[in-house]
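The values are calculated or read from the model by the stated rules, or taken from the named source; none is laboratory data. Just so it is clear, the model here is predicted, and its values are computed rather than measured. Every residue, glycine among them, receives a Cβ derived from its backbone with ideal geometry; neighbour counts consider all protein chains shown.
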Amino acid sequence: MTALNQLTLTQAREKLALREFTAVELTQSYLDAMAQARGLNAYLEETAEKALAMAAASDARISNSEGGPLEGMPIGVKDMFCTDGVATTAGSKILENFVPPYESTVTAQLWRDGAVMLGKLNNDEFAMGSSNETSAFGPVVSPWRREGDTTPLVPGGSSGGSAAAVAAFLCAGATGTDTGGSIRQPAAFTGTVGMKPTYGRCSRWGIVAYASSLDQAGPFARSVNDAALLLRSMAGHDPKDSTSVDLRVPNYEDAVGASVKGKRIGIPREYRVEGMSPEIVELWEQGAEMLRDAGAEVVDISLPHTQYALPAYYIVAPAEASSNLARYDGVRYGLRVPGRDVAEMYERTRAAGFGPEVRRRIMIGTYVLSAGYYDAYYLRAQKVRSLIKRDFDDVFAQGVDAVLTPTTPSPAFGIGEKSKADPVEMYLNDVFTVTVNLAGLPGISVPAGFSADGLPLGLQMIGRPFEEETLFSLAQVIEDAAGRFPVEDLWWAK
Amino acid sequence: MSVDQATVRRVAHLARISVREEELAPLQEELNAILAFVEQLSALDVSGVEPMSGVIPLSLPLREDVVTDGHYPEKILANAPDAEGGFFTVPKVVE
């Protein structure tokens with residue numbers, strides 16, 4: 001029999017409803033797996049006691065036939081989500097001892113629907129990174145290894161703990177946040193499904209802010225259907241976030257397995273970037289073939305401003321970050337390093353509390369917003385953003401239902417492999433994903449194949465605003481054709 | 001555009017992050033690498049393009065101007081590094 005923690009969320013939910021096991025047994029199987037996987041550094045905090053109490057409450061509700069849609073499902077939470085009474089660090093020293101007295105809306109909705117919290121998951125500091133190496137609490141090790149090679153690999157980032165934990169069977173599903181690719185890129189690196197919904201679909205209330213016009217929460221899962229179940233609970237209008245949208249939340253599961261016959265899928269020629277590995281090109285073609293076989297129509301399209309997305313992102317995101325992170329001043333919460341006067345206290349606190357990547361982005365943001373440079377940088381980047389959104393508006397107006405691209409230009413790389421001297425080298429990881437955040441669109445990454453050295457590769461689909469259902473239908477076609485991508489060798493538990 | 005070390009020092013001060021003298025040169029190099037990368041935007045003609053301020057066409061919702069939250073100072077102060085008598089404290093500001 002499969003170990004309970006290796007079931008998909010969908011399978012576990014069915015079996016729990018049939019009383020094949022209890023919620024406490026299911027949670028315990030995850031807690032046992034977590035205890036054996038501490039070397040991966042995916043969890044920053046394990047909340048075993050809370051998890052078992054929540055699972056026992058789930059069992060009581062199930063026996064009274066009062067179970068919610070996620071009753072008893074053990075979930076990991078990215079450490080960007082505030083959790084009432086449980087430390088929330090955002091992967092930063094500056095919040096090392098911060099214990100929120102409130103719960104984020106997204107996690108509150110998961111608990112409302114019966115989910116069980118297993119703990120808090122590691123991430124790049126303030127979600128700034130593409131490899132989880134900027135976390136103040138150490139990198140996350142991917143459960144994947146290259147064939148015949150024990151080099152530790154990154155799980156991607158910034159939601160590296162979420163991706164690794166889902167792939168390593170350390171939770172049934174996880175929350176993530178995505179500002180430039182932080183759900184989709186780690187999902188691609190770990191053979192998991194990751195969905196960034198339309199901006200405004202999930203409430204940002206209680207999520208540590210990085211770049212507010214780009215940040216969105218979304219799920220990580222081991223199957224497309226699991227992701228659909230999770231998003232249904234996470235999404236919804238929240239009066240406490242003025243950018244959250246008052247739209248009905250569909251039952252996304254209904255879209256999984258729905259026909260894609262006649263859907264028009266655009267292949268943007270600008271994503272065929274120089275130096276892209278041949279295996280990624282091949283995977284992309286196979287993905288188009290899978291959708292064609294299911295009755296979709298595949299057409300070539302152009303998104304002419306694609307190449308300007310990444311540079312625009314590296315102005316807009318740092319600018320918003322420099323403003324959002326001004327709150328870490330050593331007065332109301334977090335670290336304080338004393339100084340002779342208040343200015344010195346601020347400067348010492350922030351120097352000691354922020355890591356190098358966060359400091360870099362705050363400084364770039366401060367510079368591009370400073371007097372004399374605002375028009376040349378920030379205002380120009382916001383105009384470029386309009387052009388990028390217009391590119392998508394145009395192809396959608398031509399009847400394209402979704403855009404198919406690779407999620408990343410390469411498979412996962414080794415920890416420490418990317419140059420520290422040139423931050424731009426790391427930024428190029430997000431070349432296919434940032435456009436989606438700049439335009440506010442929904443995007444999903446679904447595993448679709450392997451690299452030559454045995455690492456999972458992902459395909460991304462980008463949809464019209466608030467048409468996540470189309471993406472779930474298309475993603476299921478890929479999953480049906482390519483299969484799922486469970487890690488087979490649990491080497492860390494040996 | 002690129003920045004010199006004096007600008008790096010000025011930006012660090014604006015951002016309220018103290019930077020040691022020996023950190024200036026590497027920081028200058030990193031910031032200039034990023035600025036060189038974003039420089040490609042200047043090649044684009046953006047005349048007549050409206051800057052984007054939000055991704056969804058949405059006007060900010062209004063509500064009644066009434067108190068909807070509060071009355072838990074102990075929760076607010078629970079994470080303060082140095083709270084005293086129901087207040088946040090800072091080093092002496094006025095001599």
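What the table shows:
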quantity: Residues (over 14 Å from A:Glu357 (Cα atoms), more than 7 Å from every other protein chain (Cβ to nearest Cβ) and in a helix (DSSP H, G or I)) located in region B:14-28; calculated: B:Glu21, B:Glu22, B:Leu24, B:Ala25
quantity: Those residues of region A:441-454 which are of a type in the set (A, V, I, L, M, F, W, C), surrounded by fewer than 24 Cβ atoms within 10 Å (Cβ to Cβ) and touching a residue at least 40 places away in the same chain (Cβ under 8 Å), in sequence order; calculated: A:Ala452
quantity: Region A:15-29, residues that are closer than 17 Å to A:Asn64 by Cβ and in contact with a helix residue (DSSP H, G or I) (Cβ under 8 Å, 6 or more places away or on another chain); calculated: A:Leu16, A:Ala17, A:Arg19, A:Thr22, A:Ala23, A:Val24
quantity: Residues that are more than 8 Å from every other protein chain (Cβ to nearest Cβ) and among the aromatic types (Phe, Trp, Tyr), drawn from region B:84-95; calculated: B:Phe87
quantity: Contacts under 6 angstrom Cβ, first residue in region A:15-39 being more than 15 Å from A:Thr2 (Cβ to Cβ), partner part of a loop (DSSP other than H, G, I, E, B) and aliphatic (A, V, I, L, M), 6 or more apart; calculated: A:Met34/A:Leu170; A:Ala37/A:Ala168; A:Ala37/A:Leu170
quantity: Residue in region A:32-45 that is among the small types (Gly, Ala, Ser), closer than 19 Å to A:Arg222 by Cβ and in a helix (DSSP H, G or I) present; calculated: yes
quantity: Test set (1) surrounded by fewer than 24 Cβ atoms within 10 Å (Cβ to Cβ); (2) within 14 Å of chain B (Cβ to nearest Cβ) - A:Ala209 fails condition number; calculated: (2)
quantity: Residue within region A:71-85 that is more than 30 Å from A:Glu347 (Cβ to Cβ), out of contact with any helix residue (DSSP H, G or I) (no Cβ under 7 Å at 6 or more places or on another chain), buried (at least 19 other Cβ atoms within 10 Å of the Cβ) and charged (D, E, K, R) present; calculated: no
quantity: Single unsatisfied condition, A:Glu347 versus (1) crowded, with 20+ Cβ neighbours inside 10 Å; (2) in contact (Cβ under 8 Å) with a residue 60 or more places away in the chain; calculated: (2)
quantity: Top-ranked residue of region A:324-371 - restricted to ones that are among the polar types (S, T, N, Q) and more than 7 Å from chain B (Cβ to nearest Cβ), ranked as farthest from A:Ile207 (Cα to Cα); calculated: A:Thr349
quantity: For A:Tyr374: the one exception among (1) under 16 Å from A:Met128 (Cβ atoms); (2) aromatic (Phe, Trp, Tyr); (3) more than 10 Å from every other protein chain (Cβ to nearest Cβ); calculated: (1)
quantity: Residue satisfying condition, being in contact with a Gly (Cβ under 7 Å, 6 or more places away or on another chain), within 7 Å of chain A (Cβ to nearest Cβ) and not β-branched (Val, Ile, Thr), within set B:Pro73, B:Pro61, B:Pro51, B:Pro81; calculated: B:Pro81
quantity: Those residues of region A:108-167 which are small (Gly, Ala, Ser) and in contact with a strand residue (DSSP E or B) (Cβ under 7 Å, 6 or more places away or on another chain), in sequence order; calculated: A:Ala115, A:Gly119, A:Ala127, A:Ser142, A:Ser159, A:Gly161, A:Ser162, A:Ala163, A:Ala165
quantity: Filter result for the condition that a residue is of a type in the set (Gly, Ala, Ser) and within 19 Å of the chain's Cα centre (by Cα), over A:Ala439, A:Ala376, A:Ala452; calculated: A:Ala439
quantity: Filtered residues of region A:247-278 (kept if surrounded by fewer than 17 Cβ atoms within 10 Å (Cβ to Cβ) and either assigned to a helix (DSSP H, G or I) or on the phi > 0 side of the Ramachandran plot (or both)); calculated: A:Asp254, A:Gly257, A:Gly262, A:Arg269, A:Glu270, A:Gly275, A:Pro278
quantity: Restricting region A:221-246 to residues that are farther than 26 Å from A:Gly295 by Cβ and hydroxyl-bearing (Ser, Thr, Tyr), the residue that is surrounded by the fewest Cβ atoms within 10 Å (Cβ to Cβ); calculated: A:Ser242
quantity: Single condition A:Leu438 does not satisfy, out of (1) among the hydrophobic types (A, V, I, L, M, F, W, C); (2) buried (at least 18 other Cβ atoms within 10 Å of the Cβ); (3) modelled with pLDDT under 95; calculated: (3)
